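Below is one structure, written out as C-alpha cells; the observations come after it.
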Amino acid sequence: MNIRLLLAFLLLPVGALAQTAEMDRDTLLTRLYERAAGLMGEGELEAAQQCFDSAFAVPRVEKSSYYPILLNEQATLYVYQGDERRGLEGKKSVLPHLHRTKNLETHVSVYNDLGILYRRAHEPDSALLYYNKALEAALAYGDESWLAHLNMNLAVFHYNLKHFAEAEQYIDRAWAHALKTDERLAAFNALQVGANIKLAAGHAEKAGQSIRRAWQMACEEDNAEWQLRCMSGFLACFGHAQQTDSLRKYINLGNRLLNQVTPGTIAARGYLQARAKALLMLEQYAAALQDYRRLQQENTGTDRHTLYADMALCYQALGDHDRAFACMDSARLWTDTLARRELTDEMARLNIKYHTKEQELQNARLNEQLLQKKATQLRILVAALCIVFLAVLGLLHLRQKQKATERRLQRMQEEKEREAARRYTEGLEEECTYLAKELHDGIANELLALQMRIETAGNNPKNWKEISGIVNGLKQEVRAISHELMPPDFERIGLDEWLTRYASFLSASSGTDIAYRPGGHNDRLDKETAREVYRIIQETVSNSLTHGQASHIGIALETDETGHCTLTITDDGTPAVIPRRPEGIGLRTVDERAKSLQATLSRERTEEVNRFTLTFHKQTNA
C-alpha cells in the first residue's frame, strides 16, 4: 500500500472521523492501535504518533476500554523517541484507568515499564514499588515470557546496586523462564545481560560462555542491534582478562555496529557505557571522558556514583584537578548509606514475597501435575490389567495347543519307533534268511559231498586231493560269508584299505570288474560313520551284481578337510528302475542308513551307467 495514501487516511480531521459514527468506536480504536503498534515495530515512529493522534481525536475515546491501552502504548512511543521523562509521565497517567482493563498482561506491562523508568530516573524506591506490583501481576498472569522479562529487569536493578549475588539469582530465573517459551528475544536478553552479571559475580568463565551464545543468536538473526548489545559483554570480559588487543578489536567492531542502529536506543546507550569503561582501562582518557559526558547529558539510568567517580579519574589523568575534585564531590553526594540500607531491606521483603508467591504457584502446579499423574497411573493400571487378562487367556490357549502338539508328537514318535523296530526286525530276518540260504545251499552241500568223498576215498591219493580242494572251497566260502557280515580286521585297518581289499576280493569271486578309487581324508572318518558307509557300499554293490548284471562297477569315496563326504557308485548294468519309494528291504536299509548320516541320496540313470550318489557332512578325526 502506498505510504502517503495510508498517512492521508490516518490524518483525517476530527470532522471526517465524526462522519463515521456508524462505525463501532472500539473497532476503529482497535484498528488505529494495531496500526500504531505495527509502525513502532517497523521503526516508523512519526507515523505511529499520527495514528495515536487520530485515536485520541475519536469522540468519547476516554470512555472506551481501549483508552488505558492507548495511553500505555503512547507512553511507550515516547520512550522509543528518547523522551523518557515524558514516557514516565505517560505511564503514570495510565494508573487511574488501569482497573478498567481485565487484561492482566496490560497490568504487568505498565508496572514493569514504570519500574524501568524509575530505575533510569535514579528513584530506586519507586522502581522497587512498581517491580513488586509487576511481580504480583506476572505471577497471577502466569506467562513465562513476562516472568522471564521481569526477572531480567530485577537482575539489572540488583546489578546497578552492586548486589551481584541477588542479580545472578534473578538472571538465572529469567533464563529458566525463557527456556519455557519459543521467544528467541527472551533467551537472548537473559544471555546478554547475564554475561555482565556473572562477570561481576566473579564467574568469568560462565560469563564468557553466556556472551558467546548471545553473539551466536545475534548473528543467526543478522540483527545489528542485538550484535551491538553483545559488545558490552565482550568488552567487560576482555577488560576483566586484561586482553587489550581484543578490547581494541571489539571497540572497532562496536563502532561499526553503532552506525547501523538508531541513536539513543538501549543498545546504543549500553555500548557507550561499556566503551567508556574500556577506553578508561586503555588509558584513553579523553575519549572515555567524551563518552561519559554524553552519558551524563542523557538520562541513561547509569549509576551516578560510578559515572562521576570514573569522570573524576579521567579529569585527574588529564591534569584537570578542579573538575576531578568536583566530580568526586558529586559522587559522594550520590552515596546515601541510610537510603541504601532502607532500600536493601525493602528488596529483601520483595525477595521473600516473590519466593512465597512463586512457591504457592509452584505448589498449585505440583498439585495439578500430581492429579494428572494419578489419572495417568490409573489409566496405565487399567490398561495393564487388561493386558494381563489377555495375556493369561493367550497363555491358556497356547498351553492347550502345546499339549495337543505334544500328544501328536508323542504319537508320531511312538509310530516312528514301531516302524523302526519293524524295519529292524525285517533286517534281522533278511540277514538270517541270507545266512541260512548260504549255509544250506553252499556249506551244507559241500559238507555232504566232503562226507561222501571221505567214506569212499580209501587210500587213493587222488581222492584225498579232491577232498583237500573241497575243504579249501569251504574255507573260502566261510570267509566270504564272514566278510559279508563284518570284516574281521575292519577295526584295525583304514576304510580306504579295506574298501580296496573288498573290491579286489569281490572282483575275483564274482568275475566282475570292481574298482575302488579313494580320495581326500577318508581315514579321518570316525568308526561309526565308516561302518555305515561300508554297509551302504556293500548293499548297493550287491544289488548291482544281483539285479543289474553289471560287468564294471566303480566305487569312489572322497572326504575334504571340512568333513564334506561324497560317495559315488556307478555300474554299466541294465538300466535300474528308480522307485518313488523303496520297496525292497535292501533299498530301505540303504535309505535308513543314509538318514542316520543325515545324508542326501540320489539314484539316476544316464545313457551309459547307473549312478548312485551319497553326500553328507561329518566331523572328522584330526
Are there any pairs, at least 6 apart or on different chains, whose C-beta atoms fall under 6 Å, with the first in region 286-297 and within 16 Å of Ala268 (Cβ to Cβ) and the second among the acidic types (Asp, Glu) and not in a helix (DSSP H, G or I), and if so, which? none
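Give region 58-71 a look and list any residue that's surrounded by 15 or more Cβ atoms within 10 Å (Cβ to Cβ) and either acidic (Asp, Glu) or out of contact with any Gly (no Cβ under 8 Å at 6 or more places or on another chain) (or both), or say none.
We begin by selecting, within region 58-71, every residue surrounded by 15 or more Cβ atoms within 10 Å (Cβ to Cβ); these are 58, 61, 64, 66-71.
Scanning region 58-71 gives Val58, Val61, Ser64, Tyr66, Tyr67, Pro68, Ile69, Leu70.
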Would you mind telling me which numbered condition in (1) under 57 Å from the mean Cα position of the chain (by Cα); (2) at negative phi; (3) free of Cβ contacts under 8 Å to residues at least 40 places away in the same chain; (4) outside the structural domain of Leu45 (by TED's automatic domain parsing) Asp245 fails? (4)
For region 120-152, give me each residue that is surrounded by fewer than 21 Cβ atoms within 10 Å (Cβ to Cβ) and of a type in the set (S, T, N, Q). Ser126, Asn132, Ser145
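If you go through region 285-301 one residue at a time, do you hit one that is among the aromatic types (Phe, Trp, Tyr), farther than 22 Å from Tyr159 by Cα and out of contact with any Phe, Trp or Tyr (no Cβ under 7 Å at 6 or more places or on another chain)?
Taking every residue of region 285-301 in turn, at least one turns out to be among the aromatic types (Phe, Trp, Tyr), farther than 22 Å from Tyr159 by Cα and out of contact with any Phe, Trp or Tyr (no Cβ under 7 Å at 6 or more places or on another chain).
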Kindly indicate whether Ile197 is touching a residue at least 40 places away in the same chain (Cβ under 8 Å), surrounded by 22 or more Cβ atoms within 10 Å (Cβ to Cβ), in a helix (DSSP H, G or I) and not basic (Lys, Arg). yes
Pairing a residue in region 45-58 that is in the same structural domain as Glu34 (by TED's automatic domain parsing) with any residue that is charged (D, E, K, R), where Cβ atoms lie under 6 Å and the two sit 6 or more apart in sequence or on different chains, gives Cys51/Arg35
Does any residue of region 350-373 turn out to be charged (D, E, K, R), at pLDDT 80 or above and either not in a loop (DSSP other than H, G, I, E, B) or not assigned by TED's automatic domain parsing to the domain that holds Asn151 (or both)? yes
Taking region 274-285, which residues are surrounded by 21 or more Cβ atoms within 10 Å (Cβ to Cβ) and in contact (Cβ under 8 Å) with a residue 40 or more places away in the chain? Ala274, Arg275, Ala278
Residue check for Asp245: out of contact with any strand residue (DSSP E or B) (no Cβ under 6 Å at 6 or more places or on another chain), modelled with pLDDT of 90 or more, acidic (Asp, Glu) and closer than 21 Å to Asn189 by Cα: no
With the checklist (1) closer than 30 Å to Pro263 by Cα; (2) among the polar types (S, T, N, Q); (3) at pLDDT below 80 in hand, flag the one item Asn72 doesn't pass. (3)
Yes or no: Gln192 part of a helix (DSSP H, G or I), surrounded by fewer than 23 Cβ atoms within 10 Å (Cβ to Cβ), within 36 Å of the chain's Cα centre (by Cα) and not acidic (Asp, Glu)? no
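Just a yes or no: is a residue in region 278-291 under 48 Å from the mean Cα position of the chain (by Cα) and either at pLDDT 85 or above or under 23 Å from Gly82 (Cα atoms) (or both)?
Quick first cut of region 278-291, residues under 48 Å from the mean Cα position of the chain (by Cα) only: 278.
If we keep only those that are either at pLDDT 85 or above or under 23 Å from Gly82 (Cα atoms) (or both) too, we end up with 278.
Among the residues of region 278-291, at least one is under 48 Å from the mean Cα position of the chain (by Cα) and either at pLDDT 85 or above or under 23 Å from Gly82 (Cα atoms) (or both), which makes the answer yes.
The values are calculated or read from the model by the stated rules, or taken from the named source; none is laboratory data. In this text the structure is predicted, and so the values were computed from the model without any measurement. Note that each Cβ is placed from the backbone with ideal geometry, even for glycine, and that neighbours are counted across all protein chains shown.
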